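Okay, structure first, notes after.
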Amino acid sequence: MKKILSIVFAIVLMLSMGTVALAAEGNYTDMSQVTITKEYKLTNPGTTSPAETFTFSELTNVSVTDAAEGVTVENMPTPTIGSISYELGEAGSENMKKTAVITLPDNYSSVGVYTYSFKEIPGKTAGVTYYDKEIKLVVTVLQGENGRLRVAAVHTEAEDGDKADKFPNEYSAGSLAIAKVVTGNMGDKEKYFKVTVTLTGEKEKGYATSYSVTGGSYEENPEIIEIGIPTDFYLKHDDTITIENLPYGVTYTVAEADYTKDEEGNDDYDKAAYTLSDGNCKIDSASDTVTITNNKDMDIDTGVILDNVPYVLILACVFGGMSVFFAKKRSSREK
């Protein structure tokens, strides 16, 4: 009986060892390429990202360990990487995640652990945040039963310090609203006031040809505005125009024409008052607002205030009665 149990145990042990060996080898498949995932996010809903192609530097050989003698950092093979392209408006959409393909060399001459690094090349598109951290690629070359196996892993540093195989980019844009308010007893709420808006971009950044302008009641107002070109708009009381999708970093000036004197040189409106939601006049949030208030007041010549007439008549009657009373009293004394 003991002999039979020993034979059974030996068979089970052999099968178990074989299963472990198969599992260990079955965990790895030769990889000809590996991908890295980009998440192209949108900072503010309602904005539209421009078309963009993200590119990467050539991979740099960093180190090699556990390889055959003679394999060095200088002569170890180097992978190549492609680019990632997005169409207009794809940031923050269902297509926000895309991958770049890293092609692994097929001429590794030895087992070993091969480490590489690369970075995203920062572009010049205004409003786009580029990934500026180093990305690491580790290729482990194993000796398989039928030849060498390449096993690759991409690592980026996440915000919490953990390693990940994806990294973010972000498009940030906001809007600029310019509103008109007219106050005062002589303020003409149907009058259009000329307002000049100038947008200034960051140096060496790329911008769209123009940005759309919506709102306002003046039919001949421009529907677009370009970076660096002063543009005139006309606004009356309660009008608001909005410039959409301005990339973060754009600065602006809003200047109204002088309405403190009329055509004849007489005093007209008070000096325009500006209320700014952002004192820096820089697009760095979802929306900025500039409100321009024009006030015109005048002292009104009302003549006799009719509401006081009854009181004046009462006082007149009182004084008249007193005069009669004193006159009679004086007459009686003289008699």
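The values are calculated or read from the model by the stated rules, or taken from the named source; none is laboratory data. Everything numeric in this text was worked out from a predicted model, so none of it was measured. Every residue, glycine among them, receives a Cβ derived from its backbone with ideal geometry; neighbour counts consider all protein chains shown.
Hey, among Ser172, Ser117, which residue is in contact with a strand residue (DSSP E or B) (Cβ under 8 Å, 6 or more places away or on another chain), surrounded by 17 or more Cβ atoms within 10 Å (Cβ to Cβ), small (Gly, Ala, Ser) and at pLDDT 95 or above?
Exactly one of Ser172, Ser117 is in contact with a strand residue (DSSP E or B) (Cβ under 8 Å, 6 or more places away or on another chain), surrounded by 17 or more Cβ atoms within 10 Å (Cβ to Cβ), small (Gly, Ala, Ser) and at pLDDT 95 or above, namely Ser172.
Suppose the filter is under 15 Å from Gln33 (Cβ atoms), at pLDDT 95 or above and buried (at least 16 other Cβ atoms within 10 Å of the Cβ); does Ala126 pass it?
Answer is no for this residue.
Assess whether Lys194 counts as being surrounded by fewer than 16 Cβ atoms within 10 Å (Cβ to Cβ), outside the structural domain of Lys97 (by TED's automatic domain parsing) and modelled with pLDDT of 95 or more.
Criteria met by Lys194.
Scanning for something more than 23 Å from Pro45 (Cβ to Cβ) and either touching a His at 6+ places or on another chain (Cβ under 7 Å) or among the β-branched types (Val, Ile, Thr) (or both), does region 238-251 turn up at least one residue?
yes
Met186 passes all but one of (1) over 21 Å from the mean Cα position of the chain (by Cα); (2) surrounded by fewer than 16 Cβ atoms within 10 Å (Cβ to Cβ); (3) closer than 30 Å to Ile102 by Cβ; which number fails?
In the conditions (1) over 21 Å from the mean Cα position of the chain (by Cα); (2) surrounded by fewer than 16 Cβ atoms within 10 Å (Cβ to Cβ); (3) closer than 30 Å to Ile102 by Cβ, Met186 misses (3) alone.
Okay, residues lined up against (1) more than 18 Å from the chain's Cα centre (by Cα); (2) over 23 Å from Leu276 (Cβ atoms); (3) at pLDDT below 95:
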| position | (1), (2), (3) |
| --- | --- |
| Ala177 | no, no, no |
| Ser210 | no, yes, no |
| Thr214 | yes, no, no |
| Tyr234 | yes, no, no |
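Just to be sure I understand the filter: pairs with C-beta atoms under 9 Å, separated by 6 or more residues or on different chains, first member in region 40-67 and touching a residue at least 24 places away in the same chain (Cβ under 8 Å), second member of a type in the set (Lys, Arg). Which pairs pass?
Note: pairs meeting the criteria are Tyr40/Lys97; Tyr40/Lys98; Phe54/Lys38; Phe54/Lys98; Phe56/Lys119; Ser57/Lys119; Val62/Lys136.
Hey, could you check region 237-291 for residues that are charged (D, E, K, R) and closer than 30 Å to Gly206 by Cβ and say which is surrounded by the fewest Cβ atoms within 10 Å (Cβ to Cβ)?
Asp284
Just to be sure, is Thr275 closer than 19 Å to Glu244 by Cα, at pLDDT 95 or above and either of a type in the set (A, V, I, L, M) or in a strand (DSSP E or B) (or both)?
no
If we keep just the residues of region 118-147 that are among the polar types (S, T, N, Q) and without any contact (Cβ under 8 Å) to a residue 60 or more places away in the chain, which is farthest from Phe56 (Cα to Cα)?
Selected residue: Asn146.
Which numbered condition in (1) in a loop (DSSP other than H, G, I, E, B); (2) in contact (Cβ under 8 Å) with a residue 60 or more places away in the chain; (3) over 28 Å from the mean Cα position of the chain (by Cα) is the only one that Val181 fails?
Unmet condition: (1).
So for region 67-84 (the condition being outside any strand (DSSP E or B), under 18 Å from Glu170 (Cβ atoms) and within 23 Å of the chain's Cα centre (by Cα)), does at least one residue qualify?
no
So which residues in region 224-250 are in contact (Cβ under 8 Å) with a residue 40 or more places away in the chain and more than 16 Å from Thr125 (Cα to Cα), if there are any at all?
Result: Phe233, Tyr234, Leu235, Lys236, His237, Asp238, Asp239, Thr240, Ile241, Thr242, Ile243, Glu244.
Listed residues Asp160, Asp132; which is under 30 Å from Ser210 (Cα atoms), of a type outside the set (S, T, N, Q) and either in a loop (DSSP other than H, G, I, E, B) or at pLDDT below 95 (or both)?
Answer to the selection: Asp132.
Hey, among Glu145, Glu190, Glu134, which residue is of a type in the set (D, E, K, R), out of contact with any helix residue (DSSP H, G or I) (no Cβ under 6 Å at 6 or more places or on another chain) and under 30 Å from Glu219 (Cβ atoms)?
Glu190
On the basis of being farther than 20 Å from Thr80 by Cα and either assigned to a loop (DSSP other than H, G, I, E, B) or without any contact (Cβ under 8 Å) to a residue 12 or more places away in the chain (or both), does Ser93 make the cut?
Considered against the rule, which asks whether it is farther than 20 Å from Thr80 by Cα and either assigned to a loop (DSSP other than H, G, I, E, B) or without any contact (Cβ under 8 Å) to a residue 12 or more places away in the chain (or both), Ser93 comes out as yes.
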